[in-house]
Amino acid sequence: MITEAELISRLQQKDEWAFQHLVKTHKDRVYAIVFNLLQDEHDADDTAQEVFIQIYESIHRFQQEAKLGTWIYRIAVRKAIDKLRSIKARNRLHKIFPWWMPTEEGSKNSVAFHPGVIAEQKEKAAALLASVRKLPVNQQTAFTLIRLQGMPYEEAASLMNMSIKAVESLISRAKTNLQKYLENHYTLHK
Amino acid sequence: MNRKNISLEEHIRSIDPSIQPVTDDFFYTRLKGRMQQKHEYVMPFFIKPAFAISSLFVMLLVNIIVLNNQKSTDTPKNQSAIELFGKEYDLFISTPY
């Protein structure tokens, strides 16, 4: 069994075994974080790879103030947020110039890929995920990490570099917005 | 569904947070492949878009400057050349017929 300090030291020396060990240990959690936020398996796979590439390249800057896991998941959240912002910007541009920018909005079928969706409640899950996508990025991140991924408030706040109070406020605003979006969703799909 | 019956909590319960998506077994292989590709291929500076576009602009600018200079010096030069040509062949001598 290797200690965290030993693993970090070997990673800083670009040790192949240490990197493989790190990926093996954290890949599923990193993937779950980015998948829940991006709701697309290809984007999630791509972003999860980018997370590990960044870890490999910047491990020498890691100062052991936080746990290695926290540092990794913080990078995952940041990368997923960056990707989310670029997707949202792309979709906004698509609304203005539909002939210029292809959109990914219509092709999303996250319900089909999310293993946590309860079989008899696919319709509700689809409505919820579609509404979550409409939330502002910060609210979407807080809501996804806490309510869809079951993360404790303290951990989500630490990954988002925010206070617990700020995250609580984001969740409360997200809930108000979601209620509104869901009502609109069912009015449109009557 | 009736607007009043919509319960957010009920919708949230349609996804079980204890079951999370996972990657496949080939994730590390794909990751290594991508890292190797990234480190092997370094684009030569002269085919980088920034270099290509800026050199195109420089060439365009040089062309415009040369063309402008030519235009401004063109008229007197041409005139003196015509005069020289005319003098050489006595073309300016009017011949009464």
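The values are calculated or read from the model by the stated rules, or taken from the named source; none is laboratory data. Not measured: the values here are computed from a predicted model. Glycine gets a Cβ as well: all are built from the backbone with ideal geometry, and neighbour counts include every protein chain shown.
Can A:Q140 be described as modelled with pLDDT of 95 or more and in a helix (DSSP H, G or I)? It is true that A:Q140 is modelled with pLDDT of 95 or more and in a helix (DSSP H, G or I).
Restricting attention to the stretch A:114-166, the residues that are surrounded by fewer than 15 Cβ atoms within 10 Å (Cβ to Cβ), in contact (Cβ under 8 Å) with a residue 40 or more places away in the chain and more than 23 Å from A:I75 (Cα to Cα) add up to 0.
Go through the stretch B:24-45 and count every residue that is part of a loop (DSSP other than H, G, I, E, B) and within 35 Å of the chain's Cα centre (by Cα). Result for the stretch B:24-45: 4.
The listed residues are A:A80, A:A89, A:A5, A:A32, and the only one of them that is in contact with a helix residue (DSSP H, G or I) (Cβ under 7 Å, 6 or more places away or on another chain), in a helix (DSSP H, G or I) and either away from every other protein chain (no Cβ under 11 Å) or on the phi < 0 side of the Ramachandran plot (or both) turns out to be A:A80. Quick check on A:Q63: is it of a type outside the set (S, T, Y) and closer than 21 Å to B:Q20 by Cβ? So A:Q63 does not fit the description; no.
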